[in-house]
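The block underneath contains the structure these notes are about, expressed in structure tokens.
The values are calculated or read from the model by the stated rules, or taken from the named source; none is laboratory data. The shown structure was predicted, so the numbers you read here are calculated from the model rather than taken from an experiment. We place every Cβ from the backbone using ideal geometry, glycine too, and count neighbours over all the protein chains shown.
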Amino acid sequence: MQKGTISVQTENIFPIIKKFLYSDHEIFLRELISNAVDATTKLQVLAMRDALKTEIGDTTIQIIVEPDEKRIIVRDRGIGMTEDEVLKYLNQIAFSSAAEFLEKYQDSGIIGHFGLGFYSAFMVADKVEVVTKSYQQTAKNAKGVKWTCEGSPEFSIEAVKKDDRGTDVILYINEENKDFLEKHRLEGLLEKYCKFLPVPIQFGTRTEYETVGEGDDAKQESREVANIINETHPIWKKAPTDLKDEDYQKFYRTLYPMAPEPMFWIHLNIDFPFNLTGVLYFPKLGNTMEVTRNKIHLYSNQVFVTDDVRDIVPEWLLLLHGVIDSPDIPLNVSRSYLQSDGNVKKISEYIAKKVADKLNDLFKSDRDAFEKKWRDLGVFVKYGMISDQKFQDRAMNFALLENTDNAHFLLPDYKEKIKANQTDKHSKIVCIYSQDPDSQHSLIKAAKNRGYDVLKMDTVLDNHWMQHIEYRSDLGLVFVRVDSDTLDKLVQKDEEKKSVLSEKEVETVKAVFEKAVGENNGASVECAPLAPDDLPVTITKPEFLRRMKEMQALHGAGGLGDFPDSYNVVVNTNHPLVVEKLVKMKKGKEQSGLAQYLYEVALLQQGMLRGEALTEFVSKTLGRL
């Protein structure tokens, strides 16, 4: 048996780096600036521990673009490197100086935990120069070091004159990536990746104007100032006790300039068993559930990582906006890492619990204000209850039902309210609801006259949510829409009513209405002996089939979602208009006209008469008058 080691040819490394180190070439800027931030942070740590022999001075990192020379420079005044350190760190791929520094100085806030970031420069550059001078080289004539590589294993190193400590990384951008030399392109990347880095980042200068003098002598003077593109101490790094509502609102406008003001927010701050800070906002959703993937931004030590946080935040929490920052999630994050990492799962659970606690506190402290926001909050809470069992259990303390009188109830309280009058023969408590209270006004009024309470269930998730609630056997609730059956059958009892008409008369009534309804429109006619004061004709849509059709349509699925609307036309054979008038009419135009009119009134009550049909109905009604 032979044993050996696999030989890696260094000349094969650079093609791999150029094409596959990162999926997106723009990441090079984040990596190089992160290295510059690390170098500066190391210097600040040494200064705080009195290990620095000179003044720390200005530590602003500069990003310089020189289109004519086709180069970009990332310049810092950080810790710098000696020649030995250049040979050690730049010539050994994946050997991270940040990792070594972390071992020596724990809790220093160093970003980098890896060594490949620097080599991302070769994804966009034909040649890279590093000009550096260590903080240790304090002698008057001490020189710096220049390292040059043209994208191959060969490099050169030489002593050069450099006045200040720190490092310049100079990239000679290749033709394929020349768009990075455009000012607006770099500005966009700096805005995306470096907006909240802890060290000032300067990108050129900008013009400021100020008014000098007063009255007629007043004039505006301009001056050039450093264009600092980042906020070094963002809101999520501050203590909540040091912040006002205005601070949170201002930060929200910074993140989402065109969005409406948020309802409220949660400030996250935890250091055990994982590190996490952040601010999450509750946006005004209205009756929508548009889950956008780029509204929560993930940072690692203030460095932007991604705006796709599906594997960190449960999907129902993606409705939130804001920022989360965790050094426990590395910059070179992958989906497989996120899906398997234990800290990520703990972060997800922690955020869900904090959201539930915040909602519960708001409900308890000011129920009236909570109820006023329920239109926006309801979609979010219901989505969470459907998706997360733990959240559902917590949400029972603040999830509300709203009736058509705009009164709000907790689920257990509503159950007690309707229990006496709306318990059916199977001992189920029946929640009657409407998805369109305006168009179903007459049906709601009739239900209320019977002593029933009617809920308003008109948001995008209510269909799913009510089924989810029905599965909870401990609640014993069922939901039926106000038009799902005739009034006497919405809450099923053992009572049976008899028709005052003979069987032959009932057959005649059915035949007349079948002619009025017509064929091939998804409608079927049935006669039922209802109370005389119930409606003469009622349109019903069976709950189960209608709900299945709506759910499949919502998900874009086929099957029932492709079927035409089906409904029942229920004729009340005990109503005076049917018993005293229609049955006694002679067969013909007058009898058919009355049946047609009663049918169209029922369609109107259901909100099903629209367009030309509605215009024609109104015209005929006016003609009768």
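When you scan segment 37-76, how many residues do you find that are over 19 Å from Gln302 (Cβ atoms), surrounded by 15 or more Cβ atoms within 10 Å (Cβ to Cβ) and charged (D, E, K, R)? Count: 3. Exactly one residue among Thr167, Thr207 is out of contact with any helix residue (DSSP H, G or I) (no Cβ under 8 Å at 6 or more places or on another chain) and not charged (D, E, K, R), and that residue is Thr207. Quick one: in segment 451-461, of everything that is surrounded by 16 or more Cβ atoms within 10 Å (Cβ to Cβ) and more than 29 Å from the chain's Cα centre (by Cα), which residue is farthest from Ala399 (Cα to Cα)? Taking the candidates together, the pick is Tyr452.
State yes or no: is Val225 outside the structural domain of Thr41 (by TED's automatic domain parsing) and modelled with pLDDT under 90?
Numbers: outside the structural domain of Thr41 (by TED's automatic domain parsing): yes; modelled with pLDDT under 90: no.
Spelling it out, it is not the case that Val225 is outside the structural domain of Thr41 (by TED's automatic domain parsing) and modelled with pLDDT under 90.
Failed condition for Phe617, given (1) crowded, with 16+ Cβ neighbours inside 10 Å; (2) at pLDDT 60 or above; (3) part of a helix (DSSP H, G or I), with all others met? The single condition Phe617 does not satisfy is (2). Give me the residue from segment 346-372 that is loosely packed, with under 15 Cβ neighbours inside 10 Å and farther than 26 Å from Asn403 by Cβ and, out of that set, modelled with the lowest pLDDT. If we take residues in segment 346-372 being loosely packed, with under 15 Cβ neighbours inside 10 Å and farther than 26 Å from Asn403 by Cβ, then Glu349 is modelled with the lowest pLDDT.
Residues that are hydroxyl-bearing (Ser, Thr, Tyr), at negative phi and modelled with pLDDT of 95 or more are absent from segment 419-432.
Could you count how many residues in segment 486-535 are outside any loop (DSSP other than H, G, I, E, B) and free of Cβ contacts under 8 Å to residues at least 24 places away in the same chain?
Step one: of segment 486-535, the residues outside any loop (DSSP other than H, G, I, E, B) are 487-490, 503-517, 523-528.
Filter again for free of Cβ contacts under 8 Å to residues at least 24 places away in the same chain, leaving 489, 503-504, 507, 511, 514.
Number of matching residues: 6.
From the list Val160, Val212, Val130, which one is aliphatic (A, V, I, L, M), loosely packed, with under 11 Cβ neighbours inside 10 Å and in contact with a strand residue (DSSP E or B) (Cβ under 6 Å, 6 or more places away or on another chain)? Break it down into steps so the answer makes sense when it comes.
Working: Val160 fails: loosely packed, with under 11 Cβ neighbours inside 10 Å; Val130 fails: loosely packed, with under 11 Cβ neighbours inside 10 Å.
Matching residue, one of Val160, Val212, Val130: Val212.
Residues in segment 226-242 that are surrounded by 15 or more Cβ atoms within 10 Å (Cβ to Cβ) and in a loop (DSSP other than H, G, I, E, B): Ile229, Asn230, Glu231, Pro234, Lys238.
From the list Val478, Val570, Val482, the one residue that fits, being farther than 23 Å from Gln605 by Cα and either surrounded by 15 or more Cβ atoms within 10 Å (Cβ to Cβ) or modelled with pLDDT of 85 or more (or both), is Val478.
Per this entry, Glu187 is counted among residues that are farther than 24 Å from Lys42 by Cβ, in a helix (DSSP H, G or I), among the acidic types (Asp, Glu) and modelled with pLDDT of 90 or more. Show the residue pairs that are 6+ apart or on different chains and have beta-carbon atoms under 6 Å apart, the first residue being within segment 573-590 and touching a residue at least 12 places away in the same chain (Cβ under 8 Å), the second being not in a loop (DSSP other than H, G, I, E, B). Close Cβ pairs satisfying both conditions: Thr573/Val506; Thr573/Cys527; Leu582/Leu594; Val583/Glu505. Being in a loop (DSSP other than H, G, I, E, B), within 24 Å of Asp242 (Cα to Cα) and either modelled with pLDDT of 90 or more or not aromatic (Phe, Trp, Tyr) (or both) holds for only one residue in Pro262, Pro273, and it is Pro262.
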